[in-house]
Structures are given as C-alpha cells and as structure tokens.
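The values are calculated or read from the model by the stated rules, or taken from the named source; none is laboratory data. Keep in mind that what you see is a predicted model, and the values were worked out from it rather than measured. Because the Cβ atoms are built from the backbone with ideal geometry, glycine has one as well, and the counts that use them run over all protein chains shown. With ligands, DNA and RNA removed, areas are computed over all heavy atoms of the protein, side chains included. Shrake-Rupley method; radii C 1.70, N 1.55, O 1.52, S 1.80 Å.
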Amino acid sequence: MRISMVSEHASPLAALGGVDAGGQNVHVAELSLALARRGHDVTVYTRRDDPALPERVRTHPGLEVVHIDAGPARAVSKDLLLPYMGALADGIVADWGQEVPDVVHGHFWMSGLAALDAARQAGRAGTPVRVVQTFHALGTVKRRHQGAEDTSPPERLALEARVGRSADHVVATCSDEVLELAAMGVPGSRVSIAPCGVDLDLFSPHGPVQERGRAHRIVSVGRLVPRKGMDLAIRALAHLDRDDVELVIVGGAGNSAGLQDDPEAQRLLALAAELGVADRVILRGQVSRAQMPAVLRSADAVVCAPWYEPFGIVPLEAMACGVPVIAAAVGGLLDTVVDGATGLHAQPQDPAAIATAIAAVLADPARARELGENGYQRVLARYSWDRIAADTERAYLAVLGAGSSPAGSSTPAIPPTSAAAQRSVARPLESTGGRVL
Ligand code: UDP
C-alpha cells in the first residue's frame, strides 16, 4: 500500500519534550516505521520549521519524511498554524503528482484539514484517495478542562467536528475518545480503536539504570505544560513528607540549564520551594530517547498526573521498563494502566491520593515488583508497534474495500483550505507565552 501520513506540527525527526513535541511525534514515527516494516511504502509530510532541513529524508527502507514549505521556516506554535494548512495541502498534492497514495492519514485536526483538502484535489483530478484521521487530542476536551486558558484557534471545534465527519475513517486511540467522537457527531460505524504503542526493543526492564540521589525515586515525564500535572506530583511529594524520596521531572525544551527561560519550569521550582521540597525535586530538562529507559528504570514508580490525557505513551514506556505506574484515572490511562494490577489509579487532580498510592508502592516492594512485572507482560501482549500497525492496516483495508465515495471526491463537508481560502479564515492570534498545552 502507498500511505501518506500528514503531521503538520509533529515531525517524526524532532527532539521531544518541548511544548509541541511529544506523543504525536513518537506515534507518527513509530507507526510509520512499523507499517514500512510490513512492506508498505510510507511518506510522512510535515511542515518545514527550519530552512536547513533537506526536502526529503529517507530514514528507513520504505519510509521517507518530506518537509513542505507551509508558513515560516521556523518553529511556530501549533495554535498559530491553521492559516498554513492550505499551503501544506498544496505541497502534498504537488509531491504526489500522478502517483497518489492509497490512503492519506491525518494526525491532529489541522493535518486532517490538509489531508481532506489534498484528497479532494486528487479526487477532482480523477484519482480518489481515502482519508483516515487520528486526532491525538480533541478541542472539545481541551476546552472543557482549560476554558479561557485554551489558546487553540476559535475555529477549532467546528472544523475538528467536520474533519471527523468527513474522513472515511477515524482511528481513536482510546475508548474514552470514542465517546467524545460520538458526541461530535462522528458515526460509530466509521470509528475504530488503535492505541499508541511502545518501542519494546528500546524500553525493557533490563539495561542501564540511572543512579538515584536518595533511597527512593519517583519519576514524572512529559512536555512541561500545566495540563501534564507536574505540579500535582510535587504536591504529592510534599504530602508524603519523607526525606528519603526524590522526584525527578523530565521534559522541557532543553537541558536543565535551559529551563531557566521556561516559565512552567520556574513555576514548578517556585512551588517546590514554597512547599519545602525543593531539595528533593530535580528538573532534568529534556532527556533523549536513548537515555529515557535508564531514567524510567531508576524509579520506584512513575507518576502520570495529567488533568486529562488523550492517550499517554509515558505509562507504556514505564510499564515496558517493568516499573509500576501511578496514574490519574483519566482518558487513555483508564485503558493502559490496570488499577491494582499494573499500577494504581488516583483521582484526577488529587495530590493526597497520589501520595497514598506512592506510599503503598514504597511500603510493599514485593507488590511493587508484581505491578511492574504485570505491566511489562501487558505491554508485551498488547502494545507493540507491530500490533498497532496491524490494527491500523486493518482500518486502511476497511476503507479501501468500502467502495463508497471517498472523502476526496464527495461533497466537501469542510471549507476548502487552499492558501487563499485559509487567508480569509485566518485571524491573528495572540502569542501563547509558552503556555501551549
Ligand atoms: N519525551 C522524551 N523526552 C523528554 C520528554 C518526553 O523523549 O524530555 C517523550 C516521552 O518519552 C514520550 C513522549 O515524549 O514518548 C510523550 O508522549 P505522551 O503521549 O506521554 O504525551 P504527549 O506529549 O502526547 O502529551
């Protein structure tokens, strides 16, 4: 199969940990690679955010990343990218030329707009292309949790719903998302679930373990944005009131020295000082993929305390390393972390509940080992990228066999996203001040 992936802001080649570089980058990179391993011909289209990037990068046999000129060739907050989706679609269509793919798979709502636009252009030229969509995150959920703090473009909710209703198929990453999609009017018959996966060669229980500074260590990993709840982990540490436990927070746009310019990092450090735990909270900054397993293995437990979570790859990475996960009972974490079996659930936004769960893990090393072992078995059985790629391939085959009018040739349910049309819907948006969530 010829497969085009569209991932406007999240390049598979980007460094991770910055405000806009996390799970989607990993998902697109690993899914594309696993599909290429299955013999498919995969091209990932992403926005050029640096003039020095080559136009095409062949990363593996059967897998190529193509940088499309769409907007300024520098890092731009994803909340400001909507005006450039027309240019992205035009660039994709130009790259397709006469050789259109069988399927174009949009990642995130704006990529969905570009994918539908590109498919529609190809359809008009007589070569229909099926459109599959994965949202990764939904504007409705973000708005519910962040209210006025949500810096998404005002058009997001309406356009996102239209993308969901116009795509031939939507691949949700967790059961909770299926309910949200239904509420947006996406017919259940066109939705399936394929979760995110984990690289089981990189993340495993055996290998180097980073040295601890105290007898016990809790680790939290994620983009440094408020909704990831790193502050809740700090509050939980204060509740715990044990000076033999340290909390290592991983994430941010650079190394620990670079965090001086990161407002969220400074907020977390100020909170730790205010709560009297500054000596036990370590902000590591960005950690590379290669080093991440050693950091996870060094933990007694990995705490994931987001306000909401569309999927959450970090818990899978921790489970793959054989480490118990303490997870807020939200979104994708309800599917991945089995309460009492692979980790412990805590009520969302409840530092005391997180502290109780940490205390329980620390108090019973045999149970902690069992939770870790169960987590490892669970990811082995369910979350290899090969398995996720097979699930996704089934969705592609279903739409290719469906036979109804493809999204590219049907009456457009979304407005055209040609560059000119987009200019008319675009409006200047405020700078996000580093609080993009
Ligand atoms: N990550 C990383 N280095 C960092 C911070 C994060 O490699 O410094 C990775 C992390 O290991 C995981 C991804 O970024 O693979 C975050 O994905 P997740 O789904 O947990 O969160 P999202 O970014 O999608 O909100």
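Observations
- The stretch 242-293 and the stretch 194-235 have Cα centres separated by 12 Å.
- Restricting the calculation to alpha carbons of the stretch 254-356 gives Rg and Dmax of 14.4, 40 angstrom.
- Put a dot 7 Å past the Cα of THR356, heading toward its Cβ, do the same for ALA398, and the two dots end up 3.9 nm apart.
- Accessible-area composition of the stretch 1-125, carbon plus sulfur, in percent [1.4 Å probe]: 51 percent
- Site pair ALA329 and ALA270 shows an inter-label distance of 3.4 nm when each label is modelled 7 Å from Cα along Cα→Cβ.
- Each pair of Cα atoms in the stretch 216-302 enters the Kirkwood radius, and Stokes-Einstein at 25 °C and 0.890 mPa s then converts it into a translational diffusion coefficient of 191 µm²/s.
- Computed over protein heavy atoms with a 1.4 Å probe, the accessible surface of the stretch 1-151 works out to 34 Å² per residue.
- 1.4 Å probe accessible area per residue over the stretch 255-335, in Å²: 32 Å²
- The chain - Kirkwood radius from inverse mean 1/r over Cα pairs (Å): 22.0 Å
- Here, the stretch 94-141 is characterised by an Rg to Rh ratio of 1.04, where Rg is the alpha-carbon radius of gyration and Rh the Kirkwood radius.
- Carbon and sulfur %, accessible surface of the stretch 240-301 computed with the full protein complex present, 1.4 Å: 47 percent
- Backbone geometry of the stretch 351-357 corresponds, through the Karplus equation with coefficients 6.51, -1.76 and 1.60 at θ = phi - 60°, to 3J(HN,Hα) couplings of x, 5, 5, 5, 4, 4, 5 Hz, x marking Gly and Pro.
- Rounded D (µm²/s) - the stretch 160-221, Kirkwood Rh over Cα pairs, Stokes-Einstein at 25 °C, 0.890 mPa s: 163 µm²/s
- Distant-in-sequence amide H partners of ALA346 (H built 1.01 Å from N, under 5 Å): ALA327, ALA328, ALA329
- With the simple model of a label 7 Å out from the Cα in the direction of the Cβ, ASP244 to GLN291 spans 2.8 nm.
- Given charges at Cβ of Lys, Arg, Asp, Glu: the chain dipole, positive-most of GLY22, TYR396, GLN146: TYR396
- CD proxy at 222 nm, helix term only [per DSSP H run n ≥ 4: -39500 (n - 2.57); per residue of the chain; nearest 500]: -11500 deg cm²/dmol
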